[in-house]
Amino acid sequence: MESSIILTNEQINNKTRRISYQIYETNCNEKEIIIAGINGNGYIFAQNIANILNSISDLNVILCEVSIDKKNPRTEISTSIEAKNYKNKSLVLVDDVLNSGTTLIYGIKHFLEVPLKRFKTAVLINRNHKKYPVKADFKGISLSTSMQEHINVIFDTKNAYAVLE
């Protein structure tokens, strides 16, 4: 099957910046925010959002890596910061692609064990193939694809792009 680029580096940068501004607008009255990225590309995307938030706001941005086994998301989920550090805080759970919603819903479930002030989700690409009632509050692009197609986001050190395969 042929692959085609659906997002260029410049488009990803623009969408990341827009999402970052939306997150800031939603949390402008907060002093601190947790940006929790799902391991792999979700965490890289979260790092990019955190960097932009640090440059555009005076929020104290705490970056958190969420370790989820994407093949078996029901196994134990861990985070790079302790639960007490995000208790009663505003948190955004970040991933690169929202496909069936499985990874995101189990990530959400993990964070619901602790009371949060506000909980939002952000994804770069929303594919609309959900089997769980989960949505992205902040999204770069919504894309209608077939179940056979695959989206791969590449975050290279100097270049990022998304490919539909």
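The values are calculated or read from the model by the stated rules, or taken from the named source; none is laboratory data. Computed from a predicted structure; not experimentally measured. Every residue, glycine as well, gets a Cβ built from its backbone with ideal geometry; the counts of neighbours run over all protein chains shown. Areas reflect the complete protein model, heavy atoms only, side chains present, ligands, DNA and RNA absent. Shrake-Rupley method; radii C 1.70, N 1.55, O 1.52, S 1.80 Å.
List the equivalent ellipsoid semi-axes of region 52-108 in whole Å, largest first, each obtained as the square root of 5λ for an eigenvalue λ of the Cα gyration tensor. Could the numbers behind the result be given before it?
Working: eigenvalues 111, 44, 16 Å².
Ellipsoid half-lengths, sorted descending, are 24, 15, 9 Å.
The mean of 1/r over all pairs of different alpha-carbon atoms in the chain, once inverted, gives a Kirkwood hydrodynamic radius of 16.0 Å.
Counting only protein heavy atoms, what percent of the accessible surface of region 49-89 is carbon or sulfur at a 1.4 Å probe? Before the final figure, lay out the partial values.
Numbers: 980 of 2500 Å².
Result for region 49-89: 39 percent of the exposed heavy-atom area is carbon or sulfur.
Using Cβ point charges alone (K and R +1, D and E -1), the dipole size of the chain about the Cα centre works out to roughly 520 debye. For the chain, the membrane-span-like helices by this rule, meaning whole DSSP H stretches whose C-alpha atoms cover at least 18 Å of axis and whose Kyte-Doolittle mean is 0.0 or above, are 41-56; this says nothing about an actual membrane.
Calculate, for the chain, the solvent-accessible area per residue in square angstrom, rolling a 1.4 angstrom probe over the heavy atoms of the protein chains. Spell out each step's value before the answer.
Details: 8690 Å² over 165 residues.
The answer is 53 Å² per residue.
Between 100, 20, 57, the residue with the greatest mean-square fluctuation in the GNM of the chain (Cα pairs under 10 Å linked by springs) is 57. Return the tail of the calculated pair distribution for region 103-165, meaning the percent of Cα-Cα pairs more than 18 Å apart. Here the long-distance tail beyond 18 Å is 48 percent of all Cα pairs in region 103-165.
Computed from backbone phi, the HN-Hα couplings of region 86-97 come to 10, 4, 6, 10, 8, 9, 10, 8, 10, 9, 7, 10 Hz, rounded to whole numbers (Karplus: 6.51 cos²θ - 1.76 cosθ + 1.60, θ = phi - 60°; Gly and Pro given as x). What separates the Cα centres of region 44-68 and region 119-139 is a distance of 18 Å. When +1 charges are put on Lys and Arg Cβ atoms and -1 charges on Asp and Glu Cβ atoms, the dipole computed for region 13-68 relative to its Cα centre reaches about 240 debye.
Computed on the Cα atoms alone, the convex hull of region 20-73 gives a volume of 72 cubic angstrom per residue.
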